[in-house]
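Here's the structure we're looking at; comments come further down.
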Number of protein chains: 2
Amino acid sequence: MRKVILDLAVTLDGFIEGPNGEIDWCIMDDDMNLDDFISGIDTIFYGRVSYDAWGNFQPEANASPMEQMIWQGVHSKNKVVFSSQNRQDEKATFISTDIANKVVEIKEQEGKDIWLYGGASLIRTFINLGLIDQYRVSVHPIALGSGKPLFDNLKERIRLNLIKTNVFKSGVVQLIYEPEATPSLTDFL
Amino acid sequence: MRKVILDLAVTLDGFIEGPNGEIDWCIMDDDMNLDDFISGIDTIFYGRVSYDAWGNFQPEANASPMEQMIWQGVHSKNKVVFSSQNRQDEKATFISTDIANKVVEIKEQEGKDIWLYGGASLIRTFINLGLIDQYRVSVHPIALGSGKPLFDNLKERIRLNLIKTNVFKSGVVQLIYEPEATPSLTDFL
């Protein structure tokens, strides 16, 4: 079955943004192989706010070739937007109800993995529904002291199994986890 | 010169304790070579509260041999307690004023490295005075969603250089950093 992958950059002290939304500390290095990640997925899940901000973003003409290529890659994917508003858009599929079943339906379709893009409230919903199959957290070599936390308002702890670590030349360390299996009804039959 | 080393366990989402002080998620594995770390230092820096709680702690008689050995190692070190109270104790040296100069004086003495044990307010003081030479942060494979943050009330961001990573069988990843050199007066002469 296709995996839902959460891929995030985080500071050493667990923030995804500074107190005023700063992401200037976020490093994009060419040894990170972002294009490999992009080519391994064919679908992106957005919350409505993230989709409006980034779903159809075009980099400036003078952006680096790598950045141009990544955005081109992003825009070639199937986009699914989770929104309480009942919206239509020819460039995306909108889902406003029955998230868990609809996500499972998409995961069961043939295809590549799925990137859970965010934002925070969609990520929380996915965590609390147990819908994330892989966490990729890139720990950046900086501490901010305050900011927007990686996860908040979790219903319960997330226990993880470390699958792989990647160390980049910038000092970013990518930690890849899968959630620890939680006991399901079938375990007791 | 001897290094002041901060060594901490942290959750993936940047907490050193749960919301109610929980540290039950903290893993001590035999491949972590804690005894190597202990044998590389000869001095421990405590805040007063941490010293009162742990400075003379004795493990229970049925604790594991590894735990017994680690505590025996800890108690063989020189202990320095930073306290606003003017206290005396034959087992430790107390420092209540002029922290920066006194720490530099200790660092310039012959000897092994120094473990900055904590707690949070002493760590913050050391960060803000630029007195930490090495950060060793052991990222545990769990997210709590809330708790006591790794660092708070920083005067400014801490920019770090990654020196080394150690991956343990439990899924704990130890990230070792040195602070990025900040420009000093001599850089401009």
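Considering only protein heavy atoms and a 1.4 Å probe, what is the carbon-and-sulfur percentage of the accessible area of chain B? With neighbouring chains kept in place, the figure for chain B is 48 percent.
The Rg/Rh ratio of the protein assembly as shown, with Rg taken over Cα atoms and Rh as the Kirkwood radius over Cα pairs, comes to 1.02. Secondary structure note: in the stretch B:4-188, about 40% of the DSSP beta bridges are antiparallel. About the centre of its Cα atoms, the stretch A:4-188 shows a dipole size close to 420 debye [charges on the beta carbon of Lys, Arg (+1) and Asp, Glu (-1) only; nearest 20 debye]. Across q = 0.13, 0.26 Å⁻¹, the stretch B:81-128 modelled as identical point scatterers on its alpha-carbon atoms has Debye log10 I(q)/I(0) values of -0.32, -1.27, in the order of the q list. Legend: Rg and Dmax of the stretch B:1-97, from Cα coordinates, 14.8, 41 Å. For the stretch B:1-92, chymotrypsin sites (Phe, Trp or Tyr not before Pro) meeting the loop criterion (DSSP other than H, G, I, E, B) and having at most 14 other Cβ atoms within 10 Å: B:PHE57.
With contacts taken as Cα pairs under 8 Å at a separation of at least 6 residues, chain B carries a relative contact order of 35 percent.
Its alpha carbons considered, the stretch A:84-189 gives a radius of gyration followed by a Dmax of 16.6, 49 Å. Set the Cα radius of gyration of chain A against 2.2 N^0.38 Å, with N its number of residues, and you get 1.05.
Its Cα gyration tensor gives the stretch A:1-49 an equivalent ellipsoid; the semi-axes, largest first and in whole Å, are 23, 16, 10. Annotation for the stretch B:81-112 versus the stretch A:1-61: alpha-carbon center distance of 46 Å. A helix-only calculation puts chain A at -6500 deg cm²/dmol for mean residue ellipticity at 222 nm, using -39500 (n - 2.57) for each DSSP H run of at least four residues, averaged over all residues. For chain B, the per residue solvent-accessible surface stands at 52 Å², with DNA, RNA and ligands left out and a 1.4 Å probe. Volume per residue of the convex hull around the Cα atoms, evaluated for the stretch B:125-179, comes out as 90 Å³. Here's how it looks for B:THR43: its modeled amide H is under 5 Å from those of B:ASN78, B:TRP115, which are all 5 or more places away or on a different chain.
Accessible surface buried at the B:A interface totals approximately 2500 Å², computed with a 1.4 Å probe on protein heavy atoms.
The values are calculated or read from the model by the stated rules, or taken from the named source; none is laboratory data. This is a predicted model, so every value here is computed, not measured. Cβ sites come from the backbone with ideal geometry, for glycine too, and all protein chains shown count toward neighbours. With ligands, DNA and RNA removed, areas are computed over all heavy atoms of the protein, side chains included. Shrake-Rupley method; radii C 1.70, N 1.55, O 1.52, S 1.80 Å.
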